[in-house]
1. Counting only heavy atoms of protein chains, what accessible area per residue, in Å², does the range 4-65 have with a probe of 1.4 Å?
2. Check the straight Cα-Cα distances from residue 69 and name the lysines below 21 Å, setting aside those fewer than 8 residues away within the same chain.
3. Run the numbers for residue 28 and residue 94: contour at 0.36 nm per residue of separation, minus the present Cα-Cα distance, in nm.
4. Less than 17 Å apart at the alpha-carbon level, and either on another chain or at least 8 residues along: which aspartates and glutamates does that give for residue 92?
5. Does anything in the range 55-85 have its amide N under 11 Å from the 7 Å Cα→Cβ label point of residue 47, and if so which residues?
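The values are calculated or read from the model by the stated rules, or taken from the named source; none is laboratory data. The structure displayed is predicted, hence computed values, not measured ones. Cβ atoms come from the backbone with ideal geometry, glycine included; neighbour counts cover every protein chain shown. Accessible surface areas use protein heavy atoms only, side chains included; no ligands, DNA or RNA. Shrake-Rupley method; radii C 1.70, N 1.55, O 1.52, S 1.80 Å.
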Amino acid sequence: MQIKISARHGHLSEEFQQHIRDKADKLVHLFPRLMMIEVVVDVKDEQKHVEFLVSAEHKHDFVASERNKDLLTAVDLVLAKLEGQIRKYKEKVQNHHRGSAKGEVAGGPRPAED
């Protein structure tokens, strides 16, 4: 999996970049089908803007952004949003595959056999 980090209107120290990589790696443990994570950090204003673009298999993308005065807090808040999106997606996919057999209605009476 690839992690790209870019900064707008400024520079991120190697320490901040490594911290972001370490945090982003935790998303892979939650959902191993992630292909790429792009992180864009805007350091122009007093409020730091952090945006994560996460690409998964089958052309599914997750996007989250957050503003905060502290860069590390903004990263943590964005990751919390992404974790929620990924958990919801996983739950949706798992529930879809666990449906009842074709032709049966869940909780309904079974057709009489001849």
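1. On the way: 3770 Å² over 62 residues.
That works out to 61 Å² for each residue.
2. Answer for residue 69, where 21 Å is the Cα cut-off: 23, 44, 48, 81, listed by chain and number.
3. Numbers: separation 66, 0.36 × 66 = 23.76 nm, distance 1.76 nm.
So the extension gain works out to 22.0 nm.
4. Once the sequence-local aspartates and glutamates are set aside, what remains near residue 92 is 57, 61, 83.
5. What the label zone holds, given the 11 Å backbone N cut-off, is 66-69.
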